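Asker: Encoded as structure tokens, here's the structure I'll be asking about.
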Amino acid sequence: MNILTKLFGFDPKTTTIRTEVLAGITTFLTMSYILAVNPSMFSLLDGMPGGAVFTATALAAIVGTLAMAFIGKLPFGLAPGMGLNAFFVFSVCMGMGYSWQFALTAIFIEGILFIIMTITNIREAIVNAIPRSLRNAIGAGIGLFIAFIGMQNAGIIV
């Protein structure tokens, strides 16, 4: 058995190393915007250091992507979600007035609950209860929300 097959589930019958390397570079370039956008968004909050946010974003993406590669044996890049980050900064902290420390505590608790829901298959039941059209619309809505915030920050929308 080839070491690439053992470590990553690489199948030389269906792909080539060149294809996988190009796909990896493309994925990195597609995801790398978050390294600039995330710290700039979080630096709008008092006391949130941009350098620490950059480092945390990079480390989270590295750990998530490597876990997906070695444990899941799937070619997916993972990084912090911009939709949740935008909600965190603009709605919870700036809109509702909560501190970023309070919001991080809420996200920590949410993460624990999400793990419990995943282990017990409750998460899958909830997702399956949502109509497919609404599930598809949620992704578009989050994308439009992020685009709206970006256009506001660029001065295109006032």
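The values are calculated or read from the model by the stated rules, or taken from the named source; none is laboratory data. A quick note: this is a predicted structure, and the numbers were derived from the prediction, not measured. Because the Cβ atoms are built from the backbone with ideal geometry, glycine has one as well, and the counts that use them run over all protein chains shown. Protein only, heavy atoms only, side chains kept; ligands, DNA and RNA dropped before computing areas. Shrake-Rupley method; radii C 1.70, N 1.55, O 1.52, S 1.80 Å.
Asker: Could you state, as a whole-number percent, how many of the C-alpha pairs of the range 82-129 are farther apart than 18 Å?
Answerer: I get 43 percent for the Cα pairs in the range 82-129 exceeding 18 Å.
Asker: Can you give me the span-like helices of the chain, meaning DSSP H runs with 18 Å or more of Cα extent along the axis and Kyte-Doolittle mean at or above 1.6?
Answerer: 50-70, 100-119
Asker: Okay, next question. Taking K and R as +1 and D and E as -1, what net charge do the other residues with C-beta under 15 Å from the C-beta of GLU124 add up to?
Answerer: +3
Asker: Here is a further query. For the chain, what % of the accessible area comes from carbon and sulfur atoms, probe 1.4 Å?
Answerer: 73 percent
Asker: For the chain, what is the accessible area per residue in Å² when the probe is 1.4 Å?
Answerer: Per-residue value: 69 Å².
Asker: Just one of (i) 14.4, 42; (ii) 18.5, 59; (iii) 19.6, 70 is Rg and Dmax of the Cα atoms in Å as worked out from the coordinates here. Which one is it?
Answerer: After the calculation, the listed value that fits is (ii).
Asker: With N residues in the range 24-110, what two-decimal value do you get for its Cα radius of gyration over 2.2 N^0.38 Å?
Answerer: Relative to the 2.2 N^0.38 Å estimate, the range 24-110 comes out at 1.16.
Asker: Given a Förster radius of 35 Å and the C-beta distance between ILE115 and THR26 as r, what FRET efficiency does 1/(1 + (r/R0)^6) yield to the nearest 0.05?
Answerer: 0.70
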